[in-house]
Each structure stands twice: as C-alpha cells, then as structure tokens.
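The values are calculated or read from the model by the stated rules, or taken from the named source; none is laboratory data. Predicted model, so just to flag it, every value in this text is computed and none were measured. Note: ideal-geometry Cβ built from the backbone for every residue, glycine included; neighbour counts use all protein chains shown. These accessible areas exclude ligands, DNA and RNA; they are computed on the full protein's heavy atoms, side chains included. Shrake-Rupley method; radii C 1.70, N 1.55, O 1.52, S 1.80 Å.
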Amino acid sequence: MRVFPASIPLDGRTVIVVGSGPMAEPKARLFARSPARLLWFTGTDTDPVASDIAQYAEILRRMPTRRDLRGAALLFIAGSDDIPVEALARTGRRLGIPVNIVDSPAASDFQTPAIVDRDGIVVSIASGGAAPVLSVDIRAAIEQVLPARIGGLADLARELRGTVKSVLTKFDDRRAFWEKALRGKARDLVLSGDTSAARREMLRQLNGETTDRTGIVHLVGAGPGDPDLLTLKAARLLREADVIVHDRLVSQGVMDLARRDAHRIDVGKTKGHHPVPQDEIGQILIREARKGQRVVRIKGGDPFIFGRGGEEMEIVRAAGIRVEVTPGITAAMACAASAGIPLTHRDHAQSVTFASGVVKKDGPDADYRTLSAPNSTSVFYMGVGAAPEIQRKLIAAGREASTPLALIENGTHENERRVFGTLGELADLVVREAISGPTIIMVGESVAIAASTATGTDTKTLLEQSA
C-alpha cells in the first residue's frame, strides 16, 4: 500500500482553496455541500463563481493571510502566475496544515482521491496522483453499483449506535445485531426512501421483537434488451435478488448481471403459448416472497406499459406483500431513439399514443379515432400479427394511407432491423419483409425524419408525397 486513504472529519472544520479557474473550482466543489466551512480565496479574479459553490462558500477575492490559514484542516493551492504557491505552502505547513498543490503530487502532502459521495458513506479511490483518469474511471464503476440512498443507512446506524451500545453490552452481540439490521428489511426500507419505517424496524429488532419475515417483490423494467440501457437501480436489484422471475423478452445480457446463485424462474410467453398462466405468475411471486426472499419480477421494457405490471402489483399487494416498481426504458422510446424517430416534434407530432395490437379477450379495443389524429405519432406494441387489422382500422378512422410508417424489429439488439413505408403498405411489408421478431410499429408524420435518412430523400419531400 503506497498511499493511505485516511478519513478526515469535516464537522466544524475549515477547508481553504486558493486560486481560480478550472484547477481550483473542482476542489471547492468537493466541499460545497460538506459540513466544513469553505473559504475560497480567488485572488484578483473577478469571474463569477458557479452558483452551486457560491451559495455554500465564502468567496474572498484576495490572497489569504496567516490569520486566515490558522486552524484550517486542509489547504488546496491551484497555482497560476499571480499565486505565491511556495510561500503559501510554507506558511500552511508551519501552521500544521496538510497542503495539496493542484496537479503537483510530488510537491503535495496529500493527493485528492476520486470520491464517491453518498453522504454518510464516502468511497475514495487513490492512485497517489499517478493516474487520476484511472481513478475517475474506477469511481464511475463504483457509482453504478452503490445505491444512491446507502448513506442514509449509515446515518441511521450512527443515530442509533449509542442506543444499541447501551442495550447490547457485548461486542459480539452488537456485531450480530448490526449484521442483521444493515443487511435485512431495514436496509430495504432505507433504500426505498422510508427511513422512519427502517428506524422502527431496527428498534423492533433491538427490543427482540419478532419481525415479519415476509420478503419483498420488485417489479423491474429490463428495458428493450441492450444491457447498457438498464437503469442503475434495476442492475442493483438484479445483483441483490434471491429469486428472479423473468420473461422471454429479457435479454441474456441483462440476465448476466444477476447473482449467479439466484433462483431463476422462466415465465415467458410467446404468441398463443402461455406455459405459465398470468394468475400462476402472481402466485409464484407471493409464494417466494412469503419465504422471506427478495423477489425481482423483471420484464422487458417497462412493467407498466403493456407488461401486466399493474395486474401483478394488485395481486401481490392484496396478499399483504410489499411491492416496489422500478421503471425501465419502454420499447417505443428505445426503438424511436435507435432509429432516429422523434415521437413528438413541434412541426410534425404534437402528441404520441401507445397502443397494443393485442387486446384482452372480450375487452375494449383501442380508440382508433385518437390513434388516427393527424400530426401525431401512434405506436403499436405486439402488432405484427394484427397488422392487417391495425392498417384497416386506422384508415377507416381517417388516417391517410400515405402516412409514413416504420417497423422496428428487435430494437436495440445487434440484429435490429428497420423497415420504412406507408400505412397503406403495412400488411404487405410484414409479409414481404418476413417480420417475425418483437416489433414496434410507428405511424405518423415524424417518422419521415428517419425515413428521409434511410432513403436519401429530404423530410419535406416525403411528407409532400404522403399528403
């Protein structure tokens, strides 16, 4: 270990930054929201200071005096022609202040690590000043796996530490308590944002009360398939899940992010083939949660957009089990972005409507009058098999047969395919192009923007042709 990443308490301390511009500003920003008193001496520089720092710092447009430096915890000096770097560093050291000279690790008493800040939890990555870019890249990787609210768990532990010590006098008993408290239900409550319930849960455990061993069900959106489009929270929940109940449309790349020892239950459906009925899926979620498991029900796209997430949430909640929903990037948004189709556009589409090409047996059909409105975008999920009906109903409701149309098959996957045409060609395009994979159908004037790129014809001409 070439460097030791010591943790310096900042409550009631003073941190001083000297200098201005892009070398000094990041150092000041580090402490802007900390409990330390931040003094930023900018010298003669009169440029405005970023508002996210100015509201927390004392900005002094001069050089610090010895009196200013006395008692400081840290001193950062960003050198420039008008900054007496060596003199300030000498004075600081004589006063017992650790000095950091920005971008000069050999001349500094310490280096600034890359920091992941979660309030009560701070992670530092140090390379001894040798490779700051590498430290930043490592920080980015840690940011992805560390929950945003994890610091709240540390704050709650700090708040209760004295109480726990007074109740549990033996070290081993305290350690056993914290292992359970910080890894169990209280942790889940903090990460969901319910700190009050987490505090009550910890106190129940401390008092020896029997706690509800029922687990939790997370309804999680897997996005359109590309694992890079998975949200950070969804990725974390996959890593923490005891049981994963997944659909056919959840890509292998997404599933590869899950714990290897998690129990996986495949409830995927294909057209006309539902090996696990919807009611049974709900019962699986209830059964696994009642075992005290963290259950992740992961679905392609977003759980609440044609993912039956609402039905599953209702049945699980009716069983008295807590449900949390983590949204995903729905296929329409991902496919539109991938193909360069703006779903709304000030000139061409003042609204967007999502519809399903497949409706519940004996259930209401989509409102094709709304879907046929001009200067709007209509997006159909599960529409390949119903393509002739979608085409017929839209035209019957007033949509012009010449309206631009796109079919995005296997959107965001390596085998994504885009087929452009017009509404009047929809049924023929599905047959001629042998569209068979998961496909989003988009109808509307704004589709012409992407079609123009694909065909080499400008958007205005395409719209004139479709008029």
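Points to keep in mind about this one:
- Candidate set: segment 81-110, residues that are in a helix (DSSP H, G or I) and among the charged types (D, E, K, R); chosen: the one nearest to E25 (Cα to Cα): E86
- Filter result (surrounded by 13 or more Cβ atoms within 10 Å (Cβ to Cβ), of a type in the set (D, E, K, R), more than 22 Å from P327 (Cβ to Cβ) and in contact (Cβ under 8 Å) with a residue 12 or more places away in the chain) within segment 188-225: R199, E201
- Residue in segment 170-180 that is closer than 25 Å to P113 by Cβ and either open to solvent by 30 Å² or more (accessible area, probe 1.4 Å) or not hydroxyl-bearing (S, T, Y) (or both) present: no
- Residue tally, condition farther than 23 Å from V276 by Cβ, aliphatic (A, V, I, L, M) and either surrounded by fewer than 21 Cβ atoms within 10 Å (Cβ to Cβ) or free of Cβ contacts under 8 Å to residues at least 24 places away in the same chain (or both), over segment 230-256: 2
- Residue check for V276: in contact with a Gly (Cβ under 9 Å, 6 or more places away or on another chain), over 30 Å from A336 (Cα atoms), open to solvent by less than 50 Å² (accessible area, probe 1.4 Å) and free of Cβ contacts under 8 Å to residues at least 60 places away in the same chain: yes
- For segment 369-401, residues that are on the phi < 0 side of the Ramachandran plot, open to solvent by 60 Å² or more (accessible area, probe 1.4 Å) and of a type outside the set (K, R) total 7.
- Selected residue (criterion: surrounded by the fewest Cβ atoms within 10 Å (Cβ to Cβ)) from residues of segment 288-342 that are under 30 Å from V419 (Cα atoms) and hydroxyl-bearing (S, T, Y): S338
- Leading residue by the ranking (farthest from P26 (Cα to Cα)) among those in segment 132-151 that are open to solvent by 70 Å² or more (accessible area, probe 1.4 Å) and modelled with pLDDT of 85 or more: R149
- Residues that are of a type in the set (V, I, T) and closer than 18 Å to P9 by Cα do occur in segment 124-132.
- When residues of segment 438-454 are limited to those that are open to solvent by 20 Å² or more (accessible area, probe 1.4 Å) and under 13 Å from R417 (Cβ atoms), the one nearest to the chain's Cα centre (by Cα): P438
- Positions within segment 67-80 being part of a loop (DSSP other than H, G, I, E, B), crowded, with 19+ Cβ neighbours inside 10 Å and hydrophobic (A, V, I, L, M, F, W, C), in sequence order: A72, A78
- Filter result for R158 (assigned to a helix (DSSP H, G or I) and crowded, with 16+ Cβ neighbours inside 10 Å): no
- Within segment 33-66, the set of residues being under 26 Å from G96 (Cβ atoms), buried (at least 17 other Cβ atoms within 10 Å of the Cβ) and either at pLDDT below 90 or small (G, A, S) (or both) comprises A36, G43, A57.
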